[in-house]
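Here is the structure we will look at.
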Amino acid sequence: MNRLLATLCAVLLLSISTDAQLKTKNILLITTDGLRWQEVMTGADPGLLNKENGGVQNIPATKQAYLRNTPEARREALLPFFWTVIAKQGQVYGNQTKASIARITNTMKFSYPGYNEILCGFPDANINSNDPIPNKNVTVLEWLNRKPQFAGKVAAFSGWNVMSAIINRERCGFTVFGGPEKLPDVNTPTQKLLNDLIAETSRNDENEIADSFVFHAALEHLQSHKPRVFYVSFGETDTFGHQGRYDKLLESAHRVDGYVKKLWETMQSMDEYRDQTTLIFTTDHGRGLAPTEWKSHGKDTAGAENIWMAFMGPDTSALGERSNINPVTQNQIAATLAALLGEDYHAAVPQSGAAIEDVLAKAK
């Protein structure tokens, strides 16, 4: 009994010691749907900057914006905040040209299974469609919201209405905004205007709204409610991929990069977030290969299992773009997110992937 008591005390002391070293008090999780690792890591594909393979309408303008002589210059032109700030101050995974592999573990290679894996930490073979069926699995967001220190301090904003089912808005107990619907609250002139624009703007897909609406709605919620765990999900990079519009896909990716910058800089300007917030930025699935399969993804699409992910915050060493490392997987994101907040999600949900140790090494 004495030995057992001593062991329990040691574990408790280790936990307290580890938590005390963590500086992260808040998490900003951002996803952009279906953005390939190839564009993130090597920039615009020169072979797709045409009408035949890429559906590009204004070829000179698109080339001027994104075509450069090297992959490094092309990726920085496409995602300047990602490569000049996140990659220098944090860690980037998924550049297969540098033996850095990030991949999903579900076999579906499309959105609902991918977001379930990101948010719950494990694949679910019963999730085999994008139908808006309320998720039986509890996400790490809901798991955190059930804890007193995070209760009422979690929120999720998405442009896709199915996200409300993935997070299970009816059960989760926190604010979830998903797609073409009224904002959760309307307390500012900007929120009122956004409600009007969402209702009055024509949509290509009745299940989605533009990323710009998601961004401004999320920014208003951030400033007024100050959530500790904030998930923002963008979707246009997938929409334009399916439409075969490579020019629009690039524009959307570039715009999301700007949204990430604005959200991050806004948080760093606020006392509640400055130097105590970690950013996690990733995608739900990859896509097929150029010159034609880049438009598609799914169970039978080779390459769509490959993704990317990035981390930046006070507890993450600035290791930059990773190379020659063991693969990381999508099912590790949930436990990594929780561990940055001093919570052991992997112990509570053993089927989840373990936290990525290198992301947390600075706090140890």
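Hey, could you grab the Kirkwood Rh for the stretch 95-232? Inverse mean 1/r over distinct alpha carbon pairs, Å, one decimal.
Evaluated on the stretch 95-232, it is 16.1 Å.
Which residue, N187, N161, N306, has the most motion in a Gaussian network model of the chain that connects Cα atoms within less than 10 Å?
Greatest mean-square fluctuation among the candidates belongs to N187.
Pick from A335, A151, A253: which residue has the top mean-square fluctuation in a GNM of the chain where Cα pairs under 10 Å get a spring?
It is A151.
So if R0 is 56 Å, what FRET efficiency would N58 and K23 give, r being the distance between their Cβ atoms, rounded to the nearest 0.05?
After rounding to 0.05, the efficiency reads 0.75.
Under 17 Å between alpha carbons, and skipping anything fewer than 8 positions from K51 in its own chain: which lysines qualify?
Candidates past the 8-residue exclusion: K63, K248, K295.
In the stretch 233-303, what trypsin sites (Lys or Arg not before Pro) fall in a loop by DSSP, with at most 14 other Cβ atoms inside 10 Å?
R274, K299
With n ≥ 4 as the cut-off for DSSP H runs, can you work out [θ] at 222 nm for the chain, using -39500 (n - 2.57) per run divided by the number of residues, rounded to the nearest 500?
The helix contribution divided over the chain gives -11000 deg cm²/dmol.
Order of L29, L79 from fewest to most other C-beta atoms within 10 Å?
Lowest to highest Cβ neighbour count: L29, L79.
Which residue, N145, N116, N26, tops the fluctuation ranking in a GNM of the chain built on C-alpha contacts under 10 Å?
N145
Relative contact order of the stretch 132-255: what whole-number percent is it, with Cα pairs under 8 angstrom and at least 6 residues apart?
Here the relative contact order equals 26 percent.
As a quick test, which of the pairs K153/K362; K109/K362; K25/K153; K226/K362; K23/K153 have an alpha carbon distance above 23 angstrom in this structure?
Over 23 Å Cα-Cα: K153/K362; K109/K362; K226/K362.
Filter the DSSP H helices in the chain by two things, a Kyte-Doolittle mean of at least 0.5 and an axial alpha-carbon span of 27 angstrom or more, and list the hits by number.
2-21
Over the stretch 25-363, calculate the relative contact order: mean separation of alpha carbon pairs under 8 Å at least 6 apart, over the residue count, as a percent.
31
If the chain between S323 and N195 were fully stretched, how many nm would it gain, using 0.36 nm times the residue separation less the Cα-Cα distance?
Separation in residues times 0.36 nm, less the Cα-Cα distance, equals 41.6 nm.
Select from the stretch 226-321 those GluC sites (Glu not before Pro) which occupy a DSSP coil region and have at most 14 other Cβ atoms within 10 Å, ordered by residue number.
Listed in order of number, the matching sites are E272.
May I ask for the Kirkwood hydrodynamic radius of the chain, worked out over all distinct Cα pairs and given in angstroms to one decimal?
One over the average 1/r among Cα pairs gives 20.8 Å for the chain.
How many angstrom separate the Cα center of the stretch 194-241 from the Cα center of the stretch 339-358?
Rounded to whole Å, the Cα centres lie 29 Å apart.
Enter the Cα centre distance for the pair the stretch 250-318 and the stretch 146-191, rounded to the nearest angstrom.
Centre-to-centre distance over Cα atoms comes out at 20 Å.
Using 7 Å Cα-to-Cβ label points, what is the E72/A354 separation (nm, one decimal)?
Computed distance between label sites E72 and A354 equals 3.4 nm.
Within the stretch 102-144, name every residue whose backbone N is under 16 Å away from a label modeled 7 Å from Cα of E170 along the Cβ vector.
131-138
Using the number of other C-beta atoms within 10 angstrom as an exposure proxy, rank C120, C172 with the fewest first.
C172, C120
Per residue of the stretch 301-307, what does 6.51 cos²θ - 1.76 cosθ + 1.60 with θ = phi - 60° give for ³J(HN,Hα)? Whole Hz please, x for Gly and Pro, Karplus curve as stated.
9, 5, x, 6, 7, 8, 10
What is the local net charge at Y259, summed over the other residues whose Cβ is closer than 15 Å to its Cβ (Lys, Arg +1; Asp, Glu -1)?
With Lys, Arg at +1 and Asp, Glu at -1, the net is -4.
Values quoted throughout were computed directly from the atomic coordinates according to the rules given, and no laboratory measurement underlies them. Being a predicted model, the structure only gives us computed values, none of them experimental. Every residue, glycine as well, gets a Cβ built from its backbone with ideal geometry; the counts of neighbours run over all protein chains shown.
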